[in-house]
Structures are given as structure tokens and as C-alpha cells.
Amino acid sequence: MAPSCSPVNSLHVAVIGAGAAGLVAARELRRESHSVVVFERNTEVGGLWVYTPQSEPDPLSLDPNRTVVHSSVYDSLRTNLPRECMGYSDFPFVPRPEHDESRDPRRYPNHREVLAYLKDFAREFELVEMVRFGTEVVLVEQDGRKWKIRSRNSDGVTRDEIFDSVVVCNGHYTEPRVAQVPGIDVWPGKQLHSHNYRVPDPFKDQVVVVIGNFASGSDISRDLTGVAKEVHIAARSKPSETYEKLPGANNLWLHPMIETARKDGSIVFKNGKVVQADTIVHCTGYIYHFPFLNTNGYITVEDNCVGPLYKHVFPPALAPGLSFVGLPWMTLLFTMFELQSKWVAAVLSGRVTLPSEEKMMEDTNALYAKRDANGFPKRYTHRLGVVAQVEYLKWIADQIGEPPVEQWRNQELEGGYVRLSTQSDSFRDKWDDDHLIVEAYEDFLRQKLISAIPSQILG
């Protein structure tokens, strides 16, 4: 529904996580006059963009009692999308004149530049003062009409507090999804998930099989070609006869999925090809994981579908006291974080009202029915994609009286995904949409978000 003119409520709100979603959620909540506490288990802002050379002791991250490392960033990682379309609406992700030469001005910068941008954002909007660092949330549950949060600090001291509302922004790139490979129990080689991949050096002279050919799978495969003897990609989406030597390296092959792993160390692909492999790297994505959340079974995660959630944000029976920011994927992530956060903040203040619980459930069930009718698995529930993300972000913008996402931003996303899938070896350094870069910078200048358009953009 459209924003109302009703009196504004000021609530005490907890935000879980100080990554890209949690930071903008905190900003929008405070803008809406709420008092905000952000819980962050790390010692700095940035969430998954905080790189650490450390990885988990369990290379597949299956041990529930393991020491968890939050970040999944590998050393060579660069963004998958152009920087212009990645930033928040009023704080563009552009190289800034005051930055020193250690920053990365490229259109597809490295992860360190993204972290630096998030720190700039937190500094610009004075968000750090709301964050409790080194504090992990271990329990979230209802307490009457409010919410109890139990947190534990770095000294192991626990503390219970009551909040009017909780916004979950804990990310979903920490709990790995591992491929099921027939025969893997007797296969003698090593396995790890991309969550624990950092640098290629340990794979020198090895034959490596990488399962997965989307962003991380493609990146890590090419990262490995410089040191490994051979790299073989197993892609579930490819036809069974696929066998292709990929450009850009002389030791990189593309196959369909693995048929079986054998006791003698060999891997058999569905195309019939057989390789003696040393290591399998699972670049197979992640699962949504909320170990702290107790809703008495109301919210479930089944085949990576978190539900029931109205518009991927509000659980109908628990709204608006509990909300989630950042679940959908294949979209303009930072833009989505911002719009979802504005919506949550406006609903909590009373400026915007939600439909009844029954209407929200009806809408949510309709989404699930449409997913099933289209033949998509549950794990694609939160997958938006180029067309659906435009509609979804426009719908949220309409609720809060915000303008729709800029056309150039959506076009950059679409073109970026096309290049990612068709020129995986060069998409970050070769493109054909310079006109969209110029349009983006002209937009930033018109809004006075930058003082001038850099000469290299116009040139």
C-alpha cells in the first residue's frame, strides 16, 4: 500500500549483521526515527567482503561444530557486475579523487575495493556508532509482542535484551551446499568447497575437478589454470555430450556433470570422459542458515526456500516484528538491500501498512504455486533474474513512494549477465556498453552525487 500520513512510530530495532544489507538497513531505520542496534560478530563492517586468508578446518564445512569463518572471498575475486550499477542510490560506487593509489579504479574492481566502499558508506552516514562488534547473536525469539535477543561477546559473556523488531541481515554465503556425487565415499582424493578456497598455490601440478560453472566456478577454474596440471569443470546445466576445451588456457575443459567417482581415484563424467583427479572443488553455492532463530517451527528452510515470507521479506504471522533483508539473488543486490530496508523501516514506523496476514499468505502461496507450475525447484524460490528483478524492485519502490530503479542500472545488470555467461574469460575487461557508463555518470552528476564526470569516462 502507498505511504500514509499517520503518526510515525519510533521503535527499538535490532539488525543482525553489518554487511552490505545490514549497513543500509541501519541507515534507513535511523532515517525513519527508529533507535537501532546492529549486532556484528566480526571486528569490522563489510560482512562477506571482509577477506581473510584463513579457511575452516573442515574443507567441506559440513561439521556443525567447526570453527566458522564467515567470509567466502578468495584472493583474486573481482565483482561480477559493473561498479556503477552496484552502489546505493545516493552514494555511487565510483573511484573518488580523495582515494589513494591503493584503491582499485577498474569497472570490475577487486573485493578490497568493495570493502573500502562499504567502509566509506559507513563513515559517510555515521553508521559505525550503531554497531556492536565482536558480538554474535545466538538466539532470537518472541517475547510477548516483542522480541528477545541473546547475544554473546568476544569474552563469551551472554546478554539478553528486548527489542520491538528484528531485521535479519546475516547473509547467505557461509553455509555451503555440497554436490551429491555417486561413489564419492570411496573416492580417495581431496575435496573442498569454494567457501574455503583462497589461493591456487596448494593445487600446483594437480588434476582438479571443479563442480559448478557459474561465477565462483568459472573464476576459480581460471585461477587454478596457472598452477594446476589440468582443470576440468563439471557443469550440471550442460548436455551430456558436452566436451569442450575452453579459451584463455591450454589446460581447461568443460564437461557435463560427474557420473561417478571411483575407488581408483578416477572421475567419470556423463560424456564418458575419465580423468584421474587429485581434488574436487565444490563451487555449488550456499544454503540459507539461521541457527539463532526460534519461531517454533513457523519459519522453515526447505531445499533453500525460506518461508513463508511475503515478498521475500515479512513472515505473515510474525510481521512486522521480524523481517529479512537480502534473501533474493540474481538481482541488483545493493539496490535491493536499500529498497527492502526502506520498506521495512516505513512499515515499522507506520508510514506504510502491510496487508492482513491472510492476504500476505495468499500472495506467498501464489508465488509458490507459480514457481511449481513453471517447473522450478524450491531452491529457486528466491532467484529473481533479469526480468523478475525489475518487477520486484518496482513493486517495492511503489510501496514506499520511491522512483523505479534507473533503466541504465537494469540494462547494465542484463548486459553483465550476458557477458558473464558468454565470455567468462574476459567479461570483466571487455564490454560494449560504454554509453551506459556515461549515462550513469551523467545521472550521478545531475543528482549532485559527484562533482564532475571523469575525463576517461567521456573520452
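The values are calculated or read from the model by the stated rules, or taken from the named source; none is laboratory data. The model shown is predicted, which means the values in this text are computed figures rather than measured ones. Using ideal geometry, Cβ is built from the backbone for each residue, glycine included, and neighbour counts are taken over all protein chains shown. To get the accessible areas, we keep the full protein, side chains included, count just its heavy atoms, and leave off ligands, DNA and RNA. Shrake-Rupley method; radii C 1.70, N 1.55, O 1.52, S 1.80 Å.
What the table below lists for this structure:
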quantity	calculated
Test for LEU327: is it assigned to a loop (DSSP other than H, G, I, E, B), in contact (Cβ under 8 Å) with a residue 60 or more places away in the chain and touching a Leu at 6+ places or on another chain (Cβ under 9 Å)	yes
Output for the range 430-451, where each listed residue is more than 14 Å from ARG107 (Cα to Cα) and either open to solvent by less than 60 Å² (accessible area, probe 1.4 Å) or not in a loop (DSSP other than H, G, I, E, B) (or both)	GLU439, GLU442, ASP443, PHE444, LEU445, ARG446, LEU449, ILE450
Number of the condition not met by ASP278 [criteria: (1) more than 30 Å from LEU11 (Cα to Cα); (2) touching a helix residue (DSSP H, G or I) at 6+ places or on another chain (Cβ under 7 Å)]	(2)
Filtered residues of the range 165-222 (kept if among the β-branched types (Val, Ile, Thr) and in a loop (DSSP other than H, G, I, E, B))	THR174, VAL178, VAL181, ILE184, VAL186, VAL199
Failed item, numbered, when ASP278 is tested on (1) out of contact with any Gly (no Cβ under 6 Å at 6 or more places or on another chain); (2) charged (D, E, K, R); (3) open to solvent by 30 Å² or more (accessible area, probe 1.4 Å)	(1)
Enumeration of residues in the range 118-147 that are assigned to a helix (DSSP H, G or I) and surrounded by 14 or more Cβ atoms within 10 Å (Cβ to Cβ)	LEU118, LYS119, ASP120, PHE121, ALA122, VAL128, MET130
Residues located in the range 393-438, provided they are modelled with pLDDT under 95, aromatic (Phe, Trp, Tyr) and out of contact with any Lys or Arg (no Cβ under 9 Å at 6 or more places or on another chain)	TYR417
Within the range 223-250, considering residues that are in a strand (DSSP E or B) and buried (at least 19 other Cβ atoms within 10 Å of the Cβ), the one farthest from the chain's Cα centre (by Cα)	GLU230
Test: residue in the range 228-240 that is within 23 Å of PRO53 (Cα to Cα) and in contact with a Phe, Trp or Tyr (Cβ under 6 Å, 6 or more places away or on another chain)	yes
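Yes/no per residue for (1) more than 20 Å from PHE214 (Cα to Cα); (2) in contact (Cβ under 8 Å) with a residue 12 or more places away in the chain; (3) not assigned by the TED database to the domain that holds LYS311:
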position	(1), (2), (3)
LEU348	yes, yes, no
MET361	yes, yes, no
ALA366	yes, no, no
GLU402	yes, yes, yes
ARG419	no, yes, yes
HIS435	yes, no, yes
VAL438	yes, yes, yes
LEU445	yes, no, yes
LYS448	yes, no, yes
